[in-house]
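Rule-based calculations on the coordinates, nothing more; no lab input. Note that this is a predicted model, so its numbers are computed, not measured.
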Amino acid sequence: MDFIKVEGKTVDAAVEKAIEELKISKEDLYVKVLDEGANGFLGLGAKPAIIEACAKFSIKNTAEPFMKDFNINRM
């Protein structure tokens, strides 16, 4: 599962960048917000929002073989 770290002015902007970079739809995107960022005062002290993102199908493809092995080993 390959996560990418993306920054943006806001969380929504970072999500849009992740969608463009991964070339997937928003519905197929898994997002973990690392930092919501801050506007600062008059732009001073502003921090970007930071997210980690990956395609949901990556998670499914990674977990599926493990789950099959787990079920077989339980029998």
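What number, in percent, do you get for the relative contact order of segment 3-55 if the mean sequence gap of Cα pairs under 8 Å and at least 6 apart is divided by its residue count?
Worked out over segment 3-55, it gives 48 percent.
For segment 19-59, take the alpha-carbon Rg, divide it by the Kirkwood Rh, and send me Rg/Rh.
Value, to two decimals: 1.16.
Enumerate the amide H contacts of residue 10 below 5 Å, restricted to partners 5 or more residues apart or on another chain; note that Pro and chain-start residues carry no placed amide H.
49
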